[in-house]
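**Q** Please find one structure pasted underneath; my questions will follow.
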Amino acid sequence: MKRTDLLRFDGAVERDPAIDAWLKERAGELGGLAREWFAVMRACGDEVRELLHDGCPVACLGDVPFGYVNAFTSHVNVGFFQGASLPDPERLLQGTGKFMRHVKLRPGTATNEAALRKLIELAYSDIKARVEHG
C-alpha cells in the first residue's frame with residue numbers, strides 16, 4: 001500500500017474534549033469497556049492523536065487512523081482500520097471488509113485481554129510502519 005493510499009482524517013488532536021464527553025456519556029459496563037480500551041489506544045505512543053469520526057472515538061497516528069471504539073446496545077466494538085492485515089492467532093477479529101476488522105466485547109463475557117492488547121499494539125506499529133516507510 002502506497003503512502004497516498006492510507007485513509008487520512010483532518011482535525012485529529014492530542015486530546016479531544018468531544019471524545020472525553022462521548023466516553024463519559026456511556027454509562028455502565030459498556031461505557032467502562034469503551035473507556036478501558038480507548039485508553040489502551042491513547043497509550044500507544046506520544047504521536048497518538050484522536051477525533052470523533054462517524055460518531056465514535058478514533059485513535060490516529062498523526063492523521064492516519066489505526067483504531068476506534070464504539071458502544072452499541074449490548075456490546076462494544078474495538079475496531080482496526082487495517083485489521084484485515086493484522087496477525088490474529090487468537091481469532092478475535094470479526095468482519096469481512098477489505099480493510100477493517102473489529103473485536104466485539106460483551107459485558108459478562110470473558111475477553112482475552114492480552115490478545116486484544118497485542119492487537120492494539122500491532123495496529124499502532126503497523127500504521128507507524130506504513131506511514132514512515134510507505
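**Q** Take the alpha carbon atoms of the stretch 31-59, find their center, do the same for the stretch 64-117, and report the distance between the two centers in whole angstrom.
**A** Here the answer is 13 Å between Cα centres.
**Q** Follow-up question, since we're still on this one. Counting only pairs 8 or more residues apart or on different chains, how many lysine pairs in the chain have their Cα atoms under 22 Å apart?
**A** On the way: LYS2/LYS98; LYS2/LYS128; LYS24/LYS104; LYS98/LYS118; LYS98/LYS128; LYS104/LYS118; LYS118/LYS128.
Taking the Cα cut-off of 22 Å, the pair count is 7.
**Q** Continuing with the same structure: Ratio of the stretch 42-91's C-alpha Rg to 2.2 N^0.38 Å, to two decimals? All intermediate terms of the calculation are to be shown ahead of the outcome.
**A** Details: Rg = 11.8 Å, N = 50, 2.2 N^0.38 = 9.7 Å.
That works out to 1.22 for the stretch 42-91.
**Q** The chain: longest stretch without exposed GluC sites (Glu not before Pro) (DSSP loop, at most 15 other Cβ within 10 Å), sites themselves excluded? List each step's numbers first, then the result.
**A** On the way: sites that count: GLU14, GLU47, GLU90.
Of all site-free stretches, the longest is 91-134.
**Q** While we're looking at this one, here's another question. If you filter the stretch 1-100 for trypsin sites (Lys or Arg not before Pro), then keep DSSP loop positions with at most 15 other Cβ within 10 Å, what is left?
**A** Here the trypsin sites (Lys or Arg not before Pro) that fit, given the DSSP loop and packing criteria, are LYS2, ARG8, ARG15, ARG91, LYS98.
**Q** For the stretch 20-106, max minus min Cα coordinate along each principal axis, in Å, sorted largest first?
**A** 32, 30, 22
Any read-out appearing in this document is the output of simple, stated calculations on the displayed coordinates, not a laboratory observation. Note that this is a predicted model, so its numbers are computed, not measured. Note that we place each Cβ from the backbone using ideal geometry, even for glycine, and neighbour counts take in every protein chain shown.
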